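The values are calculated or read from the model by the stated rules, or taken from the named source; none is laboratory data. Predicted model only: the values in this text are computed from it and were never measured. A quick note on method: Cβ atoms are made from the backbone with ideal geometry, for glycine too, and the neighbour counts reach across all protein chains shown.
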Amino acid sequence: MAKSRSKYVCHVCGYETAQWMGRCPGCESWDSFVEEVAPAPVRARVPKQVGARGAGARALSLSDVEAAGEIRMQTGVGEFDRVMGDGIMLGSLILLAGDPGIGKSTLMTEMGRYMPDHRILYVTGEESVRQVKVRAERLGVTSKQFLLLAETNVEEIVAAVQETEPELLIVDSIQTLFRPDIQSAPGTVSQVRESAAALLEVTKSMNFPTFLVGHVTKEGSVAGPRVLEHMVDTVLYFEGDRHHSFRLLRAVKNRFGSTNEIGVFEMHDSGLREVSNPSEIFLSERSYGSSGSAVVCSVEGTRPVLVELQSLVTPTSYGTPQRTATGFDYRRLQMLLAVLEKREGLRLSTHDVFLNVVGGVRLDEPAVDLGVIVAVASSFRDIPTDTGTVLIGEVGLGGEVRSVSRIEARLKEAAKLGFERAIVPANSLKGVVVPKKLEVTGVRSLHEALDLVL
Ligand code: TYD
Ligand code: MG
């Protein structure tokens, strides 16, 4: 039998060690180790449930494995289902992570409205059942099949699950749960991980999907969702600027669908509303006529989305120049600035550069490079770009514009939103059907592109 002894666990990534360390070798965080008492055999005490693997696991031939008929549950909300990979897979454990207050509980409560015919068990560890009821009423959830349970003891939750046999389980939040057989406090790495392990077991054996809500924590002793990422099937991040109403649902890991797919929602008084044409929203507050703005087209998952980039370039008043990027990779920005300086002779090393992706979106596709370059050059020279132009292209270290994928889909989206011109990599244009009303120009170098727009 394993002896109970203490160990040190990184509260950021869950790295374990026998000895305290100043810096975590797993995630390189400083001072992130907390001492935890390793539990005595933990799993044995969670009741085994009906229909579990039962009398020992047996190897099966592929042809003997039953493929269930309907294995995905559709919510009917396109933005949600697409992110999940065309519906929620039965028997999957899904982590919904996000900052406190972003709308995770709201999204989960909405499940009752999306799927009124399904028995949903909503376990609340943070709010009382009355609080959840008030929210559910506000959101228009009237389903009698929406069951509420205020409980944080995992053993009780598992028992309730076996009794009610839900078609969907929601646990809000994983950080409030505890297992009485583990000594540490709720929210610590071992509690979070072992509680999730117990729920994983019922999820798989009873074959319903389970959503675990998890708060993203910056510092402190509460274990963050990263501890669970390797355990669950799907990791969703619910993001957005709390001061704006857009919310993005993003799958960063998905065993049953593509990652990088985004779902766009808007927060209203009566809950979340899906936004099926995100480009319109992202461009709705565009600044016309001022320098430093450019529109790019990024393919997020399967869908092209038009987004505005804003840049501000000002002379550095003292010391080293500042570079700030919101919604864009900082190192990639630095690389693009170096290319601009070297190939185009812009003296950016004496200027501060700010870059902002409007609408709270995060862009990591190289196809937006050309837009970044144009936004920066436009602000540097203080010349506004043409507002009817969309920019598409990856930029290489030699200042060349490289081809990108899915050019037709991008051009179609631009034409749909009324853009008149598109600057694209010349190499991407071979055999491409260009939408009518859109004037498409292929460029080979940064220089050509800047000549055209500035
Ligand atoms: P909540 O879902 O409780 O966030 P989380 O579970 O991620 O912590 O929602 C938080 C905010 O959303 C709260 O400030 C109120 C706002 N809200 C709305 O604007 N409209 C609504 O219909 C609801 C239910 C909440
Ligand atoms: Mg909540």
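General remarks:
- Any hit, the stretch 282-299, residues being in contact with an Asp or Glu (Cβ under 7 Å, 6 or more places away or on another chain) and farther than 23 Å from G418 by Cα: no
- Looking across A18, A57, A52, A67, one residue alone is at pLDDT 85 or above and more than 25 Å from H215 (Cβ to Cβ). It is A18.
Each row is one residue, and each column tells you yes or no for (1) over 18 Å from the mean Cα position of the chain (by Cα); (2) part of a loop (DSSP other than H, G, I, E, B); (3) without any contact (Cβ under 8 Å) to a residue 24 or more places away in the chain.
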site: P304; (1), (2), (3): no, no, no
site: V307; (1), (2), (3): no, no, no
site: L312; (1), (2), (3): yes, no, no
site: Q334; (1), (2), (3): yes, no, yes
site: L337; (1), (2), (3): yes, no, no
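- Restricted to the stretch 261-284, and to residues there that are among the polar types (S, T, N, Q) and without any contact (Cβ under 8 Å) to a residue 40 or more places away in the chain, the residue that is nearest to ligand 1 (Cβ to nearest atom) is S284.
- The residue of the stretch 67-114 that is farthest from ligand 2 (Cβ to nearest atom), among those that are in a loop (DSSP other than H, G, I, E, B) and in contact with a Leu (Cβ under 7 Å, 6 or more places away or on another chain), is A68.
- Near pairs, Cβ below 9 angstrom, 6+ apart or cross-chain, from the stretch 94-107 (over 20 Å from V141 (Cβ atoms) and at pLDDT 95 or above) to any residue that is assigned to a helix (DSSP H, G or I) and near ligand 1 (Cβ under 7 Å from one of its atoms): none
- Total residues in the stretch 229-270, condition within 16 Å of ligand 2 (Cβ to nearest atom), of a type in the set (G, A, S) and surrounded by fewer than 15 Cβ atoms within 10 Å (Cβ to Cβ): 0
- The lone exception for E400 - which of (1) more than 22 Å from Y288 (Cα to Cα); (2) touching a helix residue (DSSP H, G or I) at 6+ places or on another chain (Cβ under 6 Å); (3) not polar (S, T, N, Q) it fails: (2)
- If the condition is being touching a Gly at 6+ places or on another chain (Cβ under 8 Å), more than 14 Å from L446 (Cβ to Cβ) and of a type in the set (D, E, K, R), then the stretch 362-404 contributes only R362.
- Residue in the stretch 127-142 that is part of a strand (DSSP E or B), surrounded by 14 or more Cβ atoms within 10 Å (Cβ to Cβ) and more than 10 Å from ligand 1 (Cβ to nearest atom) present: no
- In the stretch 144-199, of all residues being in a helix (DSSP H, G or I) and within 16 Å of ligand 1 (Cβ to nearest atom), the one that is surrounded by the most Cβ atoms within 10 Å (Cβ to Cβ) corresponds to I174.
- Among the numbered conditions (1) closer than 20 Å to T389 by Cα; (2) modelled with pLDDT of 95 or more; (3) touching a Pro at 6+ places or on another chain (Cβ under 7 Å), the only one that P366 does not meet is (3).
- Filtered by the rule that a residue be assigned to a loop (DSSP other than H, G, I, E, B) and out of contact with any Lys or Arg (no Cβ under 7 Å at 6 or more places or on another chain), the stretch 232-248 gives V232, D241, R242, H243, H244, S245.
To keep it simple, each residue is scored yes or no on (1) touching a Pro at 6+ places or on another chain (Cβ under 7 Å); (2) hydroxyl-bearing (S, T, Y); (3) away from ligand 2 (no atom under 14 Å from the Cβ).
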| residue | (1), (2), (3) |
| --- | --- |
| I120 | yes, no, yes |
| T124 | no, yes, no |
| E127 | no, no, no |
| E137 | no, no, yes |
| F146 | no, no, yes |
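- Residues of the stretch 363-393 satisfying the condition of being surrounded by fewer than 24 Cβ atoms within 10 Å (Cβ to Cβ), hydrophobic (A, V, I, L, M, F, W, C) and part of a helix (DSSP H, G or I): F380
- Qualifying positions in the stretch 82-102 - away from ligand 1 (no atom under 16 Å from the Cβ) and closer than 17 Å to E239 by Cα: R82, V83, M84
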